[in-house]
Amino acid sequence: MNTLTQVVPAHRTEQVTYAVRDVVVVAQQVAATGREMLYLNIGDPNLFDFKTPDHIVDATLRAMQDNRNGYAPSSGIPDAIEAIRAQADRSGIRNIRDIFVTTGASEAIDVCFSALVNAGENVLTPTPGYPLYTAVLAKLEAKEIPYYLDEDNDWQPDLEDIASKITPKTRAIVLINPNNPTGSVCERKTLEGILELARKHNLVIFADEIYDKLILDGGEHVSIASLDHEHPIITFNGMSKAYVAPGFRIGWGIVSGNPSVISNYVEAINKLLRARLSANHPEQYAIAAALDGDQSHLTEIKQKLSHRRDLSVSMLNAIPGVSCVAPRGAFYAFPRLTVDQSDELFVRELIKAKGVVTVHGSGFGQRPGTKHFRIVFLPQEEILRKAYAHIEEFLSVFEPAAA
């Protein structure tokens, strides 16, 4: 009889973590005890009082009833591609070389990284930033080079820090605008500074703009691809946030730039798209309905988010040991902590003591010597008030044993 031996996983998985989901393990253990839980950790609007617009759902149902349930074209159905192209045009994006629909914006990001970056090369990513980028680069055995956002300047990217970290092996720079986890929105002059560095060093720009329609206070979102029609830029977006359909798993990428520079890269992307067959088919019929249809739901969403943002910033800044820069987009804030222990321990112990679920700032990256936690202000105001009161109570006695 053969003796079974333990299956050894690939070493590329050792550095893959995902803080947003990792805290759920602790939360599930606490919830099992019967404690009331207040979830401020997941950016899923459907868990709260936000609903996918009816015309978007109807378009998907009609596609299913019409038996659009087989494989889709690898890059997406024509109606969806044209709707995305029209939306890109309204955003000022020109010289579009390719558009492709993916299983969420996450797949678009994964595909574009995989088609560009070799093992040992590096990509500049914002810190704080979304942990997906860390996970994908770890899988590709590429190096993530974090650049800092400046908390004292409304979390704008630090251009001097970016410039200091570019090496001969740098292939791309990631821009998350609006930013997750800080809710910051890039100013035009910041975008122009990033473009200048990208041109100088021949870097592809990955522009994650999934929250571009959730700008608060009547502010403006500027797509970085609208500022330079020649430079190679991939703009990512999708249905999950502004159109309240994260479970549809529909995203897309828009490749723009000079065709003589970017054509080989576009073909490499499409090789990977063809290899995985297609994104969800019937849900793609919701793209045109969303982008070309009634947008009135956005007014209500932004009104709710503005009130909840204001409440969050006010209550958090009133807590001793906490300070919070007001977010200008999306539905996240990234408060700063003044505690002796780690922010990861703070988050874990807060869940155990109060049932309030947030995410530790170190899971998104932060400047050395600082500590933060991310909150999602999607929940109703009564939930937010109760959660922030619990955080204040907890911080008044937070003296855990050293980890």
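Are there any pairs, at least 6 apart or on different chains, whose C-beta atoms fall under 7 Å, with the first in the stretch 2-14 and within 21 Å of A135 (Cβ to Cβ) and the second at pLDDT 80 or above and not aliphatic (A, V, I, L, M), and if so, which?
Between residues of the stretch 2-14 that are within 21 Å of A135 (Cβ to Cβ) and residues that are at pLDDT 80 or above and not aliphatic (A, V, I, L, M), the close pairs are R12/K139; R12/E141.
Which of the residues spanning the stretch 75-94 are within 21 Å of L227 (Cα to Cα), in contact with a strand residue (DSSP E or B) (Cβ under 9 Å, 6 or more places away or on another chain) and not β-branched (V, I, T)?
Those that are within 21 Å of L227 (Cα to Cα), in contact with a strand residue (DSSP E or B) (Cβ under 9 Å, 6 or more places away or on another chain) and not β-branched (V, I, T): R85, Q87, A88, D89, S91, R94.
Listed residues R62, R68, R85; which is assigned to a loop (DSSP other than H, G, I, E, B), of a type in the set (K, R) and farther than 30 Å from S362 by Cα?
Step by step, each of R62, R68, R85 is checked, and only R68 is assigned to a loop (DSSP other than H, G, I, E, B), of a type in the set (K, R) and farther than 30 Å from S362 by Cα.
Touching a residue at least 60 places away in the same chain (Cβ under 8 Å) and either at negative phi or out of contact with any Cys (no Cβ under 9 Å at 6 or more places or on another chain) (or both): does that describe N122?
No; evaluated as a whole, the condition is false for this residue.
Which of the residues that make up the stretch 144-157 are aromatic (F, W, Y) and in a loop (DSSP other than H, G, I, E, B)?
W155
Applying the selection to the stretch 202-236, what residues are free of Cβ contacts under 8 Å to residues at least 40 places away in the same chain, surrounded by fewer than 16 Cβ atoms within 10 Å (Cβ to Cβ) and of a type outside the set (D, E, K, R)?
N202, G218, listed by residue number.
Hey, among the residues in the stretch 305-323 that are in contact (Cβ under 8 Å) with a residue 24 or more places away in the chain and either among the β-branched types (V, I, T) or outside the structural domain of G43 (by TED's automatic domain parsing) (or both), which one's nearest to Y388 (Cα to Cα)?
The qualifying residue nearest to Y388 (Cα to Cα) is I319.
Going by the structure shown, is A108 under 19 Å from the mean Cα position of the chain (by Cα), in a helix (DSSP H, G or I) and at pLDDT 95 or above?
Spelling it out, A108 is indeed under 19 Å from the mean Cα position of the chain (by Cα), in a helix (DSSP H, G or I) and at pLDDT 95 or above.
Residues E196, E220, E192, E160: which one is part of a loop (DSSP other than H, G, I, E, B) and not β-branched (V, I, T)?
E220
Among the residues of the stretch 223-247, which ones are among the hydroxyl-bearing types (S, T, Y), outside any strand (DSSP E or B) and within 14 Å of the chain's Cα centre (by Cα)?
S240
Can you tell me how many residues within the stretch 163-181 are of a type outside the set (D, E, K, R), in a loop (DSSP other than H, G, I, E, B) and either at pLDDT below 95 or under 23 Å from K143 (Cα atoms) (or both)?
Residues meeting the conditions: 7.
Is it the case that A326 is touching a Phe, Trp or Tyr at 6+ places or on another chain (Cβ under 6 Å), surrounded by fewer than 24 Cβ atoms within 10 Å (Cβ to Cβ) and outside the structural domain of Y243 (by TED's automatic domain parsing)?
Judged against the criteria, A326 is not a match.
I want to confirm something. Restricting to the stretch 88-105 and keeping residues that are assigned to a helix (DSSP H, G or I) and out of contact with any Phe, Trp or Tyr (no Cβ under 9 Å at 6 or more places or on another chain), which single residue is surrounded by the most Cβ atoms within 10 Å (Cβ to Cβ)?
Out of the qualifying residues, it is A88.
Restricting to the stretch 158-182, name every residue that is free of Cβ contacts under 8 Å to residues at least 60 places away in the same chain and over 17 Å from V204 (Cα atoms).
D158, E160, D161, S164
Which condition number in (1) touching a strand residue (DSSP E or B) at 6+ places or on another chain (Cβ under 6 Å); (2) farther than 24 Å from G129 by Cβ; (3) surrounded by 20 or more Cβ atoms within 10 Å (Cβ to Cβ) is the one that V357 fails?
The number of the failed condition is (2).
Go through the residues of the stretch 30-46 one by one and say whether even a single one is over 30 Å from F377 (Cβ atoms), among the hydrophobic types (A, V, I, L, M, F, W, C) and outside any helix (DSSP H, G or I).
No, there is no match, as no residue in the stretch 30-46 is over 30 Å from F377 (Cβ atoms), among the hydrophobic types (A, V, I, L, M, F, W, C) and outside any helix (DSSP H, G or I).
The values are calculated or read from the model by the stated rules, or taken from the named source; none is laboratory data. This structure is a prediction, so every number in the text was calculated from the model and none was measured. Positions of Cβ are backbone-derived with ideal geometry, glycine not excepted, and every protein chain shown enters the neighbour counts.
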